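Every read-out reported here was derived from the displayed coordinates using simple, explicitly stated rules and does not represent laboratory data. None of these values were measured; they are calculated from a predicted model. As a convention, Cβ positions derive from the backbone with ideal geometry for all residues, glycine included, and neighbour counts pool all protein chains shown.
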Amino acid sequence: MEYFPIFLRLQDEPCLLVGGGEVALRKARLLRSAGARLTVVAPQLAPELAAMAASGEIRHLPREVAAEDVRGYRLVVAATDQREVNRLVSQAAQAQGIPANVVDDPELSSYITPAIVDRSPLVIAVSTGGGVPVLARLVRARLESMIPAGFGNLARFASRFRDRVKARFGNVEQRRAFWESVLEGPLAERVMNGDEVSAEAEMLARLAASDTPPSGAVYLVGAGPGNPDLLTFRALRLMQQADVVLYDNLVAEPLLELVRRDAERIFVGKQRANHTLAQEDINSLMVRLAGEGKRVLRLKGGDPFTFGRGGEEIEALAAQGIPFEVVPGITSASGAAAYAGIPLTHRDHAQSVVFVTGHKQDGSIALDWPALTRPQQTVVVYMGLTMAAELCTEFIRHGKAAATPAAVIERATTSSQRTAIGTLETLPGLIQAHSISSPALIIVGDVVALSSRLGWYRRAEPAPGAAD
Ligand code: SAH
């Protein structure tokens with residue numbers, strides 16, 4: 001290890017920054033966020049630094065720097081664009097045993113600053129020894145996406161209980177197990193959502209109880225339209241913590257692979273004719289599993305509150321007092337529209353968009369046709385494939401022009417997405433000719449015509465019989 005990582009306490013400590021440009025400004029902000037008492041030496045200051053000086057947040061010495069200037073400071077940063085000046089400052093500081101950094105110049109520095117992920121009080125510092133700062137930044141970007149924004153709250157919350165947990169569990173093993181169950185469980189999710197009041201009550205109850213059974217919860221999570229890249233950070237995190245996952249046919253294998261390896265998987269899919277598990281059975285299964293203290297992940301295609309029966313499922317949980325959370329997902333209409341180059345609204349073509357289900361109820365499609373055939377409106381039909389011919393006929397019968405653009409998008413957003421574009425008149429034939437199968441969405445409206453110009457996601461259509 002070429003550099004020894006430490007975290008330095010700078011609250012109210014005198015620090016010297018030499019330079020008044022943009023680079024110096026970035027360093028000034030960073031040092032100020034750590035509470036440093038900052039003096040800046042520079043003949044001139046960039047406007048924002050000047051404002052900080054004017055408000056008294058930093059002290060400004062408006063002149064060239066001299067070697068004696070470093071005296072008495074705890075930390076020195078040189079950020080001018082003149083290497084000789086930076087060298088002078090750094091050497092003067094080091095001669096007095098003061099740590100000195102020259103921005104982007106490890107050779108002249110006695111310490112280097114890392115790339116930072118700040119979830120204070122949780123802070124992660126990444127360094128490549130000053131050699132490849134861009135790599136450190138890439139690592140940082142990955143960490144930023146993995147570590148929830150709420151982790152700072154969680155760290156603060158947990159540290160408040162440190163002494164009490166220590167007093168409660170004399171044994172280190174027990175203490176670690178307790179913290180793991182807290183930091184990875186529903187209680188932590190609640191803290192990250194900002195609900196510290198109920199989290200605190202539960203924490204106290206768990207510290208007071210003689211044994212500490214983990215409390216279960218259900219996470220109703222939208223997995224998006226199929227492409228794993230379109231998961232939310234929150235969905236991914238909950239997937240990686242789940243004890244058991246309940247999923248249905250819309251959740252494809254690449255998504256399931258992201259669920260924690262040792263989580264139990266239960267398929268509860270519904271095919272239209274062949275109901276694997278009745279909705280009531282799914283509900284009571286979730287109630288039972290969460291009641292056993294499990295973290296239950298109810299993974300749904302798209303968004304759980306858009307034709308996903310999410311409402312029905314959590315009603316059952318609410319009635320039984322089971323804690324739950326809902327994580328939105330990208331609904332397939334948004335996914336299909338984006339990946340087919342069909343803006344759902346457009347100032348010239350559509351001022352509104354309607355999502356409907358084309359699923360038959362009692363043998364007919366019960367839809368509000370006058371509302372659906374309004375001009376300047378896009379209609380997205382979920383579950384409409386088997387009824388496509390009837391749907392198109394009804395659109396025309398209720399006054400839509402037969403030439404109205406219409407599209408079908410199969411397995412939208414995945415590597416096997418296929419799109420067929422036609423009109424209300426030609427769409428049923430296209431669906432047949434291309435053997436479009438479920439899952440597929442139908443989009444009707446003038447915006448569909450934009451697809452030929454705005455479609456950007458082009459995949460070679462698989463040849464018949466090709467393995468894809
Ligand atoms: N909750 C889901 C919808 C469930 S209903 C969501 O928000 O997307 C099931 C219907 O969704 C399917 O019949 C199909 O019309 C549509 N669908 C889901 N995923 C799709 C995909 N990747 N491509 C096209 N349509 C999809």
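Taking GluC sites (Glu not before Pro) as exposed when DSSP calls them loop (any state but H, G, I, E, B) and at most 16 other Cβ atoms lie within 10 Å, what is the longest stretch of the chain free of them, the sites themselves excluded?
Values: sites that count: E2, E57, E64, E184, E257, E292, E425.
Value returned for the longest uninterrupted segment is 293-424.
What net charge is computed for the residues neighbouring R119, neighbours being all others with C-beta under 13 Å from the C-beta of R119, Lys and Arg scored +1, Asp and Glu -1? Summing Lys/Arg as +1 and Asp/Glu as -1 gives 0. When the stretch 267-392 is described by a simple charge dipole with +1 on each Lys and Arg Cβ and -1 on each Asp and Glu Cβ, the residue from H359, A319, I342 located farthest towards its positive end is I342. The alpha-carbon atoms of the stretch 333-454 define a convex hull whose volume equals 92 cubic angstrom per residue. Geometric descriptor of the chain, per residue, is 228 Å³ (volume of the convex hull of the Cα atoms). Beta bridges per DSSP, both residues in the stretch 216-330: antiparallel share near 10 percent.
For n ≥ 4 DSSP H runs only, could you compute -39500 (n - 2.57) per run for the chain, divide by its residues and tell me the 222 nm figure to the nearest 500? Kindly include the intermediate steps, with their values, before the conclusion.
Numbers: 18 runs with 165 residues, N = 468.
It comes out at -10000 deg cm²/dmol, rounded to the nearest 500.
Over the C-alpha atoms of the stretch 370-415, the Rg to Rh ratio, Rh being the Kirkwood estimate, stands at 0.99.
Across the stretch 155-209 the C-alpha pair distances fall into 10 Å bins from zero in the proportions 24, 62, 14, 0 percent. Phi angles across the stretch 392-407 convert, under the Karplus curve 6.51 cos²θ - 1.76 cosθ + 1.60 with θ = phi - 60°, into 3J(HN,Hα) values of 4, 4, 5, 3, 5, 4, 8, x, 6, 5, 4, 8, 4, x, 8, 10 Hz, Gly and Pro given as x. Taking only the alpha carbons of the stretch 14-113, we obtain Rg and Dmax values of 11.9, 35 Å in that order. Computed from backbone phi with θ = phi - 60° and the Karplus coefficients 6.51, -1.76 and 1.60, the 3J(HN,Hα) list for the stretch 423-428 is 10, 4, 6, 9, 4, x Hz; x is used for glycine and proline.
In order along the stretch 138-143, the phi-based Karplus estimate (6.51 cos²θ - 1.76 cosθ + 1.60, θ = phi - 60°) of 3J(HN,Hα) comes to 5, 4, 4, 4, 5, 5 Hz; Gly and Pro are listed as x. Between M1 and K360, full extension at 0.36 nm per residue minus the direct alpha carbon distance yields a gain of 122.6 nm.
The slack between L135 and R29, meaning 0.36 nm per residue of separation minus the straight C-alpha distance, is 35.9 nm.
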